[in-house]
Amino acid sequence: MESVILPCKSIFPTISELPQNYHPKTKVPINFVPNTEQSRFTDTHLDYLCKNGRLSEAITNLESLSQYGYKVKTETFSRLIESCINEKSLYLGRKLHKEMNFLLKKVDPFIETKLLGMYSKCGSLQEAYEMFDKMRKRDLFAWSAMIGACSRDCRWSEVMELFYMMMGDGVVPDSFLFPKILQACANCGDVETGILIHSIAIRCGMISKIFVNNSLLAVYAKCGLLDCAKRIFESMEMRDTVSWNSIIMAYCHKGDIVEAWRLLNLMRLEGIEPDLITWNILIVSYNQLGRCDEALEVMKEMEGNGIMPDVFTWTCLISGMSQHNRNSQALELFREMILNGVTPSEVTLTSTVSACASLKDLRKGRELHSLVVKLGFDGGVIVGNALVDLYSKCGKLEAARLVFDMIPEKDVYSWNSLIGGYCQAGCCGKAYDLFMKMHQFEVSPNVITWNVLITGHMQNGDEDQALDLFWRMEKDGNVERDAASWNALIAGYLHNGQKDKALGIFRKMQSFGFKPNTVTILSILPACANLIGATKVKEIHCCVLRCNLENELSIANSLIDTYSKSGGLQYSKTMFDGMSTKDIISWNTLIAGYVLHGFSSEATKLFHQMEEAGLKPNRGTFSSVISSYGLAKMVEEGKRMFSSMSEEYRIVPGLEHYVAMVNLYGRSGKLEEAIDFIDNMTMEHDISIWGAVLTASRVHGNLNLAIHSGEQLLKLDPGNVVIHQLLLQLYVLRGISEESVTVMRPRKKNHHEEPLSWSWTEINNVVHAFASGQQSNSEVPDSWIKRKEVKMEGSSSCNRLCIKEEENEDITRVHSEKLALSFALINSPQSSRVIRIVKNLRMCEDCHRIAKLVSQKYEREIYIHDSMCLHHFKDGYCSCGNYW
């Protein structure tokens with residue numbers, strides 16, 4: 001029978017019972033076993049406990065043994081450390097470490113290295129560092145353990161620091177450690193260290209090792225040194241799947257998908273089949289290039305080759321769709337992923353929640369929130385931030401605050417999401433209070449925090465507070481402004497209708513040394529999309545060239561649009577012709593420009609060129625093309641185009657298409673067909689519909705239809721003083737006195753007042769404003785105007801209804817566009833043959849006729865943009881065709 005130690009209850013004599021010459025001996029355990037046997041038994045018993053999952057009991061026994069001075073073998077202690085690692089028990093590992101000096105005869109570097117690994121693998125890198133610092137001797141294994149610990153935690157910069165310290169201690173990495181250090185080089189983009197390691201590997205004779213070559217290849221690939229990666233790849237005697245994946249990744253990083261596919265096919269010819277990582281590299285590359293549909297096709301081909309997508313594949317596709325504003329497709333892909341039995345990761349859920357936030361789909365967002373909780377990610381800061389953003393954008397600020405409060409370790413983005421939500425809801429006071437609390441929680445606001453607050457205050461009309469924050473961010477917040485800070489002010493002023501202040505900030509931004517970016521240009525260009533902004537458009541275009549932004553497709557499209565609206569259609573055409581890449585927006589913008597300037601044949605011709613280029617028309621295309629047929633009075637062609645929208649292209653007509661059709665009938669005088677068309681409309685009639693009918697009936701002299709459309713307009717907008725004024729004039733033409741229709745007057749006092757007509761023109765970079773009835777001065781002589789009116793030939797068409805949006809002219813009152821026109825003729829340089837005027841109301845017929853006369857008599861091109869359309873007067877003709 002095996003010898004055992006039986007516990008017993010002993011009764012010790014009291015002090016008085018002991019002999020006077022009694023001297024206690026050294027304490028020994030009952031049933032003492034010789035040291036060698038006891039040691040053998042202890043090691044065997046501890047191994048038994050570890051193998052049977054009784055680690056806690058084994059370490060408790062160790063604590064008892066250490067009190068009696070017993071020792072265990074180094075191998076036994078090592079196995080106990082390994083058991084702590086396997087059970088991820090940092091608590092037991094610490095207890096074991098505490099007893100190390102009592103249980104081992106000699107603590108060697110092997111055990112210390114083992115403990116270091118235990119701390120790192122159990123999640124305490126700090127204690128691993130402490131262990132490492134206390135080591136008396138740090139050999140290759142110790143350095144490998146510490147570098148491996150940092151590598152597992154993705155602390156790549158620390159890996160680099162440890163590598164240089166290691167070399168300083170005279171320890172050279174081996175072929176197994178080199179790949180970890182090279183991985184850190186690749187992730188840090190530290191190509192110089194990669195080159196250094198490459199030279200060390202050559203000197204140490206490790207360059208023939210395939211995993212060292214693969215790691216070097218990955219460094220050069222990720223750092224963009226394609227030639228170096230190619231040389232490494234071609235010099236390799238043996239290549240495995242990792243080698244091929246690295247070189248394919250190198251070409252994908254350069255955007256050369258064609259060469260990446262060639263290498264994939266070559267890989268197959270050499271008998272190596274692409275694995276899941278190979279396909280994922282291609283999918284990532286397509287998504288980064290914005291070619292999401294092709295990324296989907298790659299996944300289908302991957303499935304066709306018998307490789308099923310993993311969570312990374314699905315996450316990449318969902319993120320790609322979400323980042324390129326294809327949020328509905330992102331949600332559909334997520335649904336497919338779940339149906340395929342793939343469990344989403346925290347990153348997958350974050351991307352999907354972000355797609356819901358962009359769509360403001362609260363119902364699906366709540367479903368995703370439930371899934372987040374079910375999968376145990378509800379405490380994660382990344383997905384928590386996405387949920388805060390979701391509820392904020394959906395206007396559920398209480399829910400957003402609850403999620404925010406439940407994030408245990410909030411980062412600055414958590415605070416930014418909630419602050420942005422309060423700003424978006426107009427609660428800038430609460431947003432500012434939250435901003436002030438960040439300091440209490442030792443979270444420093446970053447530039448995004450300041451920009452969100454600036455944007456919020458600007459959008460809510462508090463410009464002074466926004467400016468105060470803008471100037472304080474560097475002084476008080478110690479945060480440098482970026483381009484987005486300036487963009488927030490520019491966009492805010494434009495949102496509040498203050499174009500001059502927006503342009504002032506744009507110029508100040510450049511004077512402070514900040515280069516405008518794409519967002520800046522796209523924000524500021526609409527401020528110049530009018531006739532008096534022609535000079536400013538050129539100024540901004542020059543800025544685009546200086547900042548090397550001319551190849552940005554969105555900026556090129558915006559310049560085409562802005563030049564067109566500012567009267568520079570020839571510049572729009574030049575921009576379009578010079579574009580290396582054109583999308584549907586490019587074509588639509590120039591077609592719309594031709595329509596705006598009355599060039600119907602050029603618009604339809606460009607439309608056919610677009611079709612020949614293989615682009616399918618969209619909603620915007622049809623609106624412009626139908627309008628171009630209206631300009632040309634090609635009713636049948638316009639009707640066919642309208643029908644083809646739904647029948648051939650499956651596009652449901654919108655309000656803009658119905659308005660274009662009413663104008664198509666109206667220009668050709670087919671007023672009955674226009675009314676029939678309106679009666680059969682599938683959507684509610686809008687102001688723009690009846691406004692088009694009023695224009696048609698006014699031009700063609702149909703008084704009854706004009707009154708009917710005017711009454712419909714007044715029902716839709718009863719407070720509109722212009723509509724009320726026009727309707728009163730129509731009643732007078734019918735023979736109904738104004739007194740008998742006073743019941744139709746707007747109730748508010750200010751609506752009795754006449755609409756004030758204003759016109760603006762720009763001379764020598766200065767904008768001049770003129771109001772109807774403005775008193776004459778030396779610069780604007782009324783007598784000059786009267787002389788020109790006397791010389792006018794012709795009269796208004798007898799068919800037209802003579803109704804005006806402003807009072808008739810008399811000896812003391814001249815319309816604002818005539819004042820602006822006379823001022824421009826007198827003060828503009830002789831070299832300038834173009835006059836540009838903007839007016840807030842519709843031109844009357846008299847002003848229209850004098851503009852035609854001046855354009856012919858003085859050989860000037862005159863652009864006047866009123867509330868109805870753009871008039872381009874040249875050689876006595878107007879681009880509107882006398883229909884406005």
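The values are calculated or read from the model by the stated rules, or taken from the named source; none is laboratory data. Just so we're clear, the structure is a prediction, and the values are computed from it rather than from any experiment. Here Cβ is always computed from backbone atoms with ideal geometry, including for glycine, and neighbour counts include all displayed protein chains. Just the protein is used for accessible areas: all its heavy atoms, side chains included, with ligands, DNA and RNA removed. Shrake-Rupley method; radii C 1.70, N 1.55, O 1.52, S 1.80 Å.
Using a 1.4 Å probe and ignoring any ligands, DNA or RNA, find the accessible area of ILE505 and quote it in Å² to the nearest 10.
20
Using +1 at the C-beta of Lys and Arg and -1 at the C-beta of Asp and Glu, which of THR278, ALA149, TYR658 has the Cα lying farthest in the positive direction of the dipole of the chain?
ALA149
Rank these by accessible area, largest first, 1.4 Å probe: CYS150, CYS316.
Accessible-area ranking of CYS150, CYS316, largest first: CYS316, CYS150.
So I have [x] 30.4; [y] 35.1; [z] 32.0, and one of them is Kirkwood radius over Cα pairs in Å calculated from this model. Which one is it?
Answer label, from the structure shown: [y].
Please work out the Cα center distance from the range 319-396 to the range 289-307, rounded to the nearest Å.
Distance between centres, Cα-based: 22 Å.
Output the antiparallel fraction of DSSP beta bridges having both residues in the chain, as a percent to the nearest 5.
Expressed as a percentage, antiparallel bridges in the chain total about 75.
Which translational diffusion coefficient, to the nearest whole µm²/s, is obtained for the range 482-604 from the Stokes-Einstein equation, given a Kirkwood hydrodynamic radius over C-alpha pairs, 4 °C and 1.567 mPa s?
Approximately 88 µm²/s, per Stokes-Einstein.
Would you work out which of LEU631, ILE555, LEU713 lies farthest towards the positive end of the dipole of the chain? Charges go on Cβ: Lys and Arg +1, Asp and Glu -1.
ILE555
Give the long-range amide H neighbours of ARG836: residues separated by 5 or more places, or on another chain, with amide H under 5 Å away, using H modelled in the peptide plane at 1.01 Å from N.
The list, which skips near neighbours in sequence, is GLU762, TYR863.
With only Lys, Arg, Asp and Glu charged, each at its Cβ (+1 for the first two, -1 for the last two), find how big the charge dipole of the chain is about the Cα centre; round to the nearest 20 debye.
Rounded to the nearest 20 debye, it is 880 debye.
Rounding to the nearest 20 debye, state how big the charge dipole of the range 200-255 is about its Cα centre with +1 on each Lys and Arg Cβ and -1 on each Asp and Glu Cβ.
Rounded to the nearest 20 debye, it is 120 debye.
Given the whole protein assembly as supplied and a 1.4 Å probe, what does the accessible area of LEU553 come to in Å², nearest 10?
50
Using packing as a proxy for protection, rank 257-263, 199-205 so that the peptide with the highest average count of other Cβ atoms within 10 Å comes first.
257-263, 199-205
Where does helix 600-612 land angle-wise versus the long Cα axis of the chain, in degrees 0 to 90, nearest 10?
Helix 600-612 and the main axis of the chain meet at about 30 degrees.
May I ask for the distance between the Cα centers of the range 484-549 and the range 656-712, given as a whole number of Å?
So the two Cα centres are separated by 39 Å.
Considering the dipole of the chain built from charges on the beta carbon (Lys and Arg +1, Asp and Glu -1) around the Cα centre, which of ALA355, PHE77, MET337 is farthest to its positive end?
PHE77
Enter the Cα centre distance for the pair the range 811-876 and the range 600-653, rounded to the nearest angstrom.
So the two Cα centres are separated by 32 Å.
Listed here are the pairs LYS393/LYS565; LYS180/LYS230; LYS134/LYS437; which of them are more than 32 Å apart at the Cα?
Checking Cα-Cα distances, LYS393/LYS565; LYS134/LYS437 exceed 32 Å.
Rounded if a/c is under 1.5, else prolate if a/b is larger than b/c, else oblate: which is the range 424-485, with a ≥ b ≥ c the root eigenvalues of its Cα gyration tensor?
It is oblate, given that a/c is not under 1.5 and a/b is not larger than b/c.
Once phi is turned into θ = phi - 60°, what whole-Hz ³J(HN,Hα) does the Karplus curve with 6.51, -1.76 and 1.60 give for every residue of the range 572-585, x standing for Gly and Pro?
4, 5, 5, 4, 4, 5, x, 7, 6, 10, 10, 10, 4, 5
Please determine, in degrees from 0 to 90 and to the nearest 10, the orientation of helix 241-253 with respect to the longest principal axis defined by the Cα atoms of the chain, where the helix direction is its Cα long axis.
Its long axis makes an angle of about 30 degrees.
Once both axes come from the Cα atoms, what is the angle between helix 292-304 and the longest principal axis of the chain, in degrees from 0 to 90, rounded to 10?
Roughly 40 degrees between the two axes.
With label points built 7 Å along Cα→Cβ from the Cα atoms of SER646 and ASP676, find their separation and express it in nm.
So the two model labels end up 1.6 nm from each other.
As a check on your grasp of the helix formula, calculate [θ] at 222 nm for the chain: sum -39500 (n - 2.57) over DSSP H runs of n ≥ 4, divide by the residue count, round to the nearest 500.
Per the formula, -19000 deg cm²/dmol.
At a 1.4 Å probe, what is the % contribution of carbon and sulfur to the accessible area of the range 184-249?
54
With a bin width of 5 angstrom, please list the P(r) values of the range 348-492 as percents of all Cα-Cα pairs, from the 0 bin to the one holding the largest distance.
2, 11, 20, 22, 18, 14, 9, 4, 1, 0
Quick check: with the 1.4 Å probe, what order do SER56, SER564 take by accessible area, largest first?
Largest accessible area first, the residues go SER56, SER564.
Quick check for me: using +1 on Lys/Arg Cβ and -1 on Asp/Glu Cβ, what's the dipole size of the range 651-745 about its Cα centre, in debye to the nearest 20?
With Lys and Arg at +1 and Asp and Glu at -1, about 280 debye.
Out of residues 5 or more away from MET868 or on other chains, whose amide H comes under 5 Å of its own, with H placed 1.01 Å from N in the peptide plane?
Sorted by chain and number, the residues that satisfy this are MET843.
When all protein chains stay in place, what accessible area (Å², nearest 10, 1.4 Å probe) is found for LYS670?
Number for this one is 80 Å².
Beyond 23 Å, what share of the Cα-Cα pairs of the range 272-416 is found? Please give it as a whole percent.
36
Which of the peptides 403-415, 609-621, 239-251 is most tightly packed, and how do the rest follow, judged by the mean count of other Cβ atoms within 10 Å per residue?
The most tightly packed comes first, giving 239-251, 403-415, 609-621.
Report ³J(HN,Hα) in whole Hz for each residue of the range 329-339, in order, from the Karplus equation J = 6.51 cos²θ - 1.76 cosθ + 1.60 where θ = phi - 60°; Gly and Pro get x.
My calculation for the range 329-339 gives 5, 4, 5, 5, 5, 5, 4, 4, 4, 5, 5 Hz in order.
What are the ³J(HN,Hα) values, in whole Hz, obtained from phi via the Karplus relation 6.51 cos²θ - 1.76 cosθ + 1.60 with θ = phi - 60°, for each residue of the range 225-237 in sequence order, with x given for Gly and Pro?
Along the range 225-237, the couplings run 8, 5, 4, 5, 4, 5, 5, 4, 4, 5, 7, 6, 6 Hz.
What is the diffusion coefficient of the range 208-317 in µm²/s, taking the Kirkwood radius over Cα pairs and the Stokes-Einstein relation at 25 °C with a viscosity of 0.890 mPa s?
The diffusion coefficient I find is 175 µm²/s.
Rounded to the nearest angstrom and ordered from largest down, what semi-axes does the equivalent ellipsoid of the range 372-447 get from its C-alpha gyration tensor (root of 5λ)?
Sorted largest first and rounded, they come to 20, 15, 9 Å.
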